[in-house]
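Participant: Supplied in structure tokens, the structure appears directly below.
Taken together, the values in this text are just the output of simple stated rules run on the coordinates, not laboratory data. On a predicted model such as this, the values are computed, not experimentally measured, just so you know. All Cβ positions, glycine included, derive from the backbone under ideal geometry; neighbour counts span all protein chains shown.
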Amino acid sequence: MIYCNQFGYTPTVKVLEDADDASDAKSYENILTAFIQAEAGDEEDLKGVEKKLVKNLKWAAGKNNTKRVMLHSFAHLSHSKASPEFTAELFQKAKERMENADYETFTTPFGYFLDLDMQAPGYSLARIFKSF
């Protein structure tokens, strides 16, 4: 997770054929950006993974004094990847839980490589790694 003073993206390459069309560049300020890798083993416990994810997002957002969160699929961290369908469902459920807790929650376009533009401050809690 990286807290960003500014986080923006532009969709560049569609990698999942059934992904929704996306071409618009977007930019956000004062936002915690979570680079999320769902793994194959996570598919056995959607509810548990979702609960841990939301707990960590709320904690990190609080440490960075923001109620804005970006969920970004970052399927590059491990050889063990969950299916795109599972990951999309995890993101949707986590987004709903965050919004029900009064967080503005966004997702980057799922199924795309993106050009990213980030401005992140240089203090320790602006960059947090969590594995579960």
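Participant: Which of Q92, H72, A34 sits closest to the plus end of the dipole of the chain, meaning its Cα is farthest towards the positive end, when Lys and Arg get +1 and Asp and Glu get -1 on the C-beta?
Facilitator: A34
Participant: Output wanted: per-residue J couplings in Hz (rounded whole) for the stretch 21-31, from phi through Karplus 6.51 cos²θ - 1.76 cosθ + 1.60, θ = phi - 60°, x for Gly and Pro.
Facilitator: Whole-Hz 3J(HN,Hα) from phi for the stretch 21-31: 5, 8, 9, 7, 6, 9, 9, 9, 10, 6, 9.
Participant: Would you look at the GNM of the chain, springs on alpha carbons closer than 10 Å, and say which of T66, T107, T12 moves the most?
Facilitator: T12
Participant: In addition: With +1 on each Lys and Arg Cβ and -1 on each Asp and Glu Cβ, how big is the dipole of the chain about its Cα centre, in debye rounded to the nearest 20?
Facilitator: Here the size comes out at about 800 debye.
Participant: Give me, ordered by chain and number, the residues 5 or more places off Q37 or on other chains with an amide H under 5 Å from its own placed amide H.
Facilitator: The answer is F74.
Participant: Past 27 Å, Cα to Cα: identify those pairs from K14/K52; K26/K93; K14/K95; K26/K63, in the order given.
Facilitator: Pairs exceeding the cut-off: K14/K52.
Participant: Write down the percent of antiparallel bridges among all DSSP beta bridges whose residues are both part of the chain, to the nearest 5.
Facilitator: Counting only bridges with both partners in the chain, antiparallel ones make up about 65 percent.
Participant: Still on this structure: Reachable aspartates and glutamates from K67, Cα under 15 Å, same-chain residues fewer than 8 places away excluded?
Facilitator: Filter leaves E29, E96, E99, D102, E104.
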